[in-house]
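A.B. asks: Handing you this structure, nothing more for now.
The values are calculated or read from the model by the stated rules, or taken from the named source; none is laboratory data. Bear in mind the structure is a predicted one, so any value in this text is a computation, not a measurement. Here the Cβ positions follow ideal geometry from the backbone for every residue, glycine too, while neighbour counts run over all protein chains shown.
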């Protein structure tokens with residue numbers, strides 16, 4: 001069994017508010033591109049949202065920091081054929097992004 005998988009984390013600075021509408025759009029696009037099994041969304045006071053989608057492929061989490069126009073995303077895909085950068089591109093496509101940093105981790109790969 002091949003357990004190699006990819007885990008991409010992204011820090012995204014936005015050119016628009018990290019508000020409920022932005023999160024709703026991200027989650028809607030995630031449902032279009034991923035196999036969502038479950039969803040949990042928590043709204044913090046006075047602001048900020050954390051969302052977690054349990055996927056048949058693994059998980060997607062996001063955390064907003066509206067006061068900084070910032071969102072962090074964490075996408076773990078256990079399907080070795082999945083393209084995490086392409087999926088993240090699709091999730092962020094309609095959003096105004098000022099800057100982003102992505103890190104790709106390979107999981108399930110033993111040390112040589």
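A.B. asks: May I ask you to verify whether residue 47 is within 25 Å of residue 98 (Cβ to Cβ) and within 13 Å of the chain's Cα centre (by Cα)?
C.D. replies: Criteria not met by residue 47.
A.B. asks: Filter segment 45-59 down to the residues that are in contact with a helix residue (DSSP H, G or I) (Cβ under 7 Å, 6 or more places away or on another chain) and buried (at least 19 other Cβ atoms within 10 Å of the Cβ) and list them by number. Reasoning before the result, please.
C.D. replies: As a first pass, look at segment 45-59 and keep what is in contact with a helix residue (DSSP H, G or I) (Cβ under 7 Å, 6 or more places away or on another chain): 47-49, 51, 53.
Result: 49, 51, 53.
A.B. asks: Also, quick follow-up: Based on what the data block shows, is residue 90 touching a strand residue (DSSP E or B) at 6+ places or on another chain (Cβ under 6 Å) and at pLDDT 95 or above? Steps first, answer last, please.
C.D. replies: Values: touching a strand residue (DSSP E or B) at 6+ places or on another chain (Cβ under 6 Å): no; at pLDDT 95 or above: yes.
Against the criterion (touching a strand residue (DSSP E or B) at 6+ places or on another chain (Cβ under 6 Å) and at pLDDT 95 or above), residue 90 does not qualify.
A.B. asks: Inside segment 60-91, can you point out the residues that are touching a helix residue (DSSP H, G or I) at 6+ places or on another chain (Cβ under 8 Å) and within 15 Å of residue 26 (Cα to Cα)?
C.D. replies: The answer is 60, 62, 64, 71, 73, 75, 87, 90, 91.
A.B. asks: Suppose we filter 54, 36 for residues that are over 17 Å from residue 90 (Cα atoms) and free of Cβ contacts under 8 Å to residues at least 24 places away in the same chain; which single one remains? So that I can check it myself, show each step before the final result.
C.D. replies: Details: 36 fails: over 17 Å from residue 90 (Cα atoms).
Criteria check complete, one pass: 54.
A.B. asks: Could you count how many residues in segment 58-85 are within 14 Å of the chain's Cα centre (by Cα) and assigned to a helix (DSSP H, G or I)?
C.D. replies: 2
A.B. asks: Give segment 6-25 a look and list any residue that's more than 14 Å from the chain's Cα centre (by Cα) and either modelled with pLDDT under 90 or surrounded by fewer than 18 Cβ atoms within 10 Å (Cβ to Cβ) (or both), or say none.
C.D. replies: 15, 16, 17, 19, 20, 21
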